[in-house]
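Here's the structure, in structure tokens; my notes come after.
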Amino acid sequence: MEHTELWQHVLSEVELSVSKASFNTWFQHTGIQSKQDGVVFISVPNSFAKEWLENKFNKFILKSLRTISSEVKDVKFVIAASPSPLTPQKTKKKKEEEEKEIALDNQFEFAGVDAETNLNSKYTFDEFVVGSSNELAHAAAISVTKNLGTIYNPLFVYGGVGAGKTHLIQAIGNEVLKMHKGKKVKYVSSEKFTNELVNAIQNRSMERFKEDYRQNDVLIIDDVQFLAGKDKTQEEFFHTFNALYEKNKQIIISSDRPPKAIPTLEDRLQSRFEGGMIADIGYPDYETRLAILKNKIIKKQVVLSDDIVEFIANNFQKNLRELEGALNKVLVHMKIAKNPLSVEEVKKILYPSIHTPKKNINVKQIIQAVANFYGVQEKQLIIKTRKQEIVKPRQIIMYLLREEFKFSYPSIGSKIGGRDHTTVMHACEKIEGQLKEDESLIEELNLIKKIVYNA
Ligand code: ADP
Ligand code: MG
């Protein structure tokens, strides 16, 4: 087998097991240099990459090579002297911007979490915008705060990612603390519950674990779907549940789906959950999204024009975390820019995170659409040519395949006439970069996507 093919196989395996950032950092500009007596020499761009790959990826790479080529006995890394096509300055700037955004996000995420209750003080009913998608769940949540352990027990709230479950169930906890002084409230994710349980077993502190959980007046368990398949945790949770339930203590549970739809949830837990009130939260409609954004803007004491707010509300229709993320992103850019942003600029900033509705489309349709759009022949896009009128459409195809299908770089390379993964990476980065500056490219891509999805 050819060196490039062999390396592509390794890369596509690596890509599945590391983050995009670390794949980009460590595997860009790598390749198989040569093979001799069962030793594969891998070329790497610098000594950092060499050290890192030797330490962390030696075994992985060896194993991966061996699944295809059994005569491989060892791998060695060699520094190849090829200049990096990426300008370091730009990479640094991008990184700084990203770091700022994350810092801003975290600032809102971790500020105000109470060590004892685990409640985040930002999740209140005051901050919770009520609309048709969540009014029933909201009403149930309010009743619970007024009738602890009696009216709806347990309260089971379910809904999709970013629909507002965590906010709503934590709001109950915060409200209870405010209204009934001295009540013990505890919020915990199912993952945390599981971890604490495992620790308690290891440290032989089960008695304390049990006591801890059973002395609460209100116990809130988030994302209970993660208990699926964990028999021991379910068992313990069942006992905790019963102990609290028998003492008329309030239990509040959230999940991404109704109890019936959680696979391998024990029957007895399922019927316990169904014995109370089950309320679903849907994704909010346009008016609610607009109201959520306007609230946040007032809270942050910033000014943003209506058309920008509407643009965000229009383009982030489901996950409210993404809606907020989009707002934060715009605010960060506004700070950097130091003057008002236009809607056009906001479009550019948010373009990479806007989802297009996924229809069943395939690779061929993307290639066809791009070829039609730029008036070139499909087969020209695949053959090796550096003609400018071909290079750009080809890069756009690679970018779209990555964006729409999340294919690995090597597999995109093989779909576009057997190109190297670094070529694909370079193409994707180039288009990403240009999208930040070039308005007409955004329009072009939008038109191409329309062709693909409406065909
Ligand atoms: P889930 O737990 O369902 O994945 P979250 O409760 O974490 O979703 O909500 C995601 C983000 O959206 C949070 O920052 C939350 O404050 C915000 N949010 C959700 N629903 C509302 C709402 N009705 N009003 C205001 N903000 C909301
Ligand atoms: Mg949540």
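The values are calculated or read from the model by the stated rules, or taken from the named source; none is laboratory data. Predicted model, so just to flag it, every value in this text is computed and none were measured. Methodologically, a virtual Cβ is constructed for each residue, glycine included, from the backbone with ideal geometry; neighbour enumeration extends over all protein chains shown. Ligands, DNA and RNA are stripped out before the accessible areas are found, and what is left, the full protein with its side chains, is counted by its heavy atoms. Shrake-Rupley method; radii C 1.70, N 1.55, O 1.52, S 1.80 Å.
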- Task: About the Cα centre of the chain, how large is the charge dipole given +1 on each Lys and Arg Cβ and -1 on each Asp and Glu Cβ? Please answer in debye to the nearest 20.
- Result: 600 debye
- Item | Gyration tensor verdict on segment 147-203 (Cα atoms; rounded if a/c is under 1.5, prolate if a/b is larger than b/c, oblate otherwise) | oblate
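Hey, can you find the accessible area per residue of segment 349-403 for me, probe 1.4 Å, expressed in square angstrom? If you can, show how the numbers build up before the last one.
Working: 3090 Å² over 55 residues.
On a per-residue basis, segment 349-403 sits at 56 Å².
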- Task: Sorted from largest down, give the three principal axis spans of the alpha carbons of the chain, whole angstrom values.
- Result: 74, 57, 41
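What are the trypsin sites (Lys or Arg not before Pro) within segment 344-420 that DSSP puts in a loop, where the Cβ has at most 14 other Cβ atoms within 10 Å?
Working: sites: Lys347, Lys348, Lys358, Lys359, Lys364, Lys379, Lys384, Arg386, Lys387, Arg394, Arg402, Lys406, Lys415, Arg419; in loops: Lys358, Lys359, Lys384, Arg386, Lys387, Lys406, Arg419.
Those satisfying the criteria are Lys358, Lys359, Lys384, Arg386, Lys387, Lys406.
In cubic angstrom, how much convex hull volume per residue do the alpha carbon atoms of segment 329-455 span?
114 Å³
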- What percentage of the solvent-accessible surface of the chain, computed with a 1.4 Å probe over protein heavy atoms, is contributed by carbon and sulfur atoms? 52 percent
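Show that you can apply the helix-only estimate: for the chain, add -39,500 (n - 2.57) for every DSSP H stretch of four or more residues, divide by all residues, and state [θ] at 222 nm to the nearest 500.
Values: 21 runs with 265 residues, N = 455.
Rounded to the nearest 500, the figure is -18500 deg cm²/dmol.
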- Against the longest alpha carbon principal axis of the chain, how many degrees, from 0 to 90 and to the nearest 10, is the axis of helix 286-299 turned? 80 degrees
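State in Å² the accessible area per residue of segment 9-82; use a 1.4 Å probe, count heavy atoms of protein chains only, and round to the nearest integer.
Values: 4080 Å² over 74 residues.
It amounts to 55 Å² per residue over segment 9-82.
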- In whole Hz, what ³J(HN,Hα) sequence does segment 442-452 give by Karplus (6.51, -1.76, 1.60; θ = phi - 60°), x for Gly and Pro? 4, 4, 4, 5, 4, 5, 4, 4, 4, 4, 4
- Just for the Cα atoms in segment 404-450, what are the lengths along the principal axes, largest first, rounded to whole Å? 30, 21, 17
- For segment 178-263, just the Cα set please: Rg and Dmax, both in angstrom. 13.1, 39
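Per the Kirkwood formula on distinct C-alpha pairs, the Rh of segment 309-402 is how many angstrom?
On the way: mean 1/r = 0.0633 Å⁻¹.
So the Kirkwood estimate lands at 15.8 Å.
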- Item | Charge-dipole axis of segment 203-308 as Lys and Arg at +1 and Asp and Glu at -1 on Cβ define it, positive-most pick from Ser205, Ile298, Gln270 | Ser205
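Net charge within 11 Å of Ile308 by Cβ-Cβ distance, Lys/Arg positive one each and Asp/Glu negative one each, not counting Ile308 itself?
My count for the surroundings of Ile308 gives -4.
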- Query: What's the percent breakdown of Cα-Cα distances in segment 11-71 across 10 Å bins, shortest bin first?
  - Reply: 20, 59, 20, 1
- Fraction of alpha-carbon pairs over 17 Å apart in segment 126-221 - percent: 56 percent
- Give me D for segment 255-373 in µm² s⁻¹, whole number, from Stokes-Einstein with Rh from the Kirkwood sum over alpha-carbon pairs, 37 °C and 0.692 mPa s. 186 µm²/s
- Degrees separating the helix 363-374 axis from the principal Cα axis of the chain, which is the longest one: 60 degrees
- Would you mind checking the tilt of helix 388-405 against the longest principal axis of the Cα atoms of the chain, expressed as 0 to 90 degrees and rounded to 10? 30 degrees
- Can you tell which of Pro340, Leu445, Tyr399 lies farthest toward the positive end of the dipole of segment 320-449, using +1 and -1 charges on the Cβ of basic and acidic side chains (Lys, Arg; Asp, Glu)? Tyr399
- Item | Among Leu6, Ile169, Thr25 the positive-end extreme of the charge dipole of the chain (Cβ point charges) | Leu6
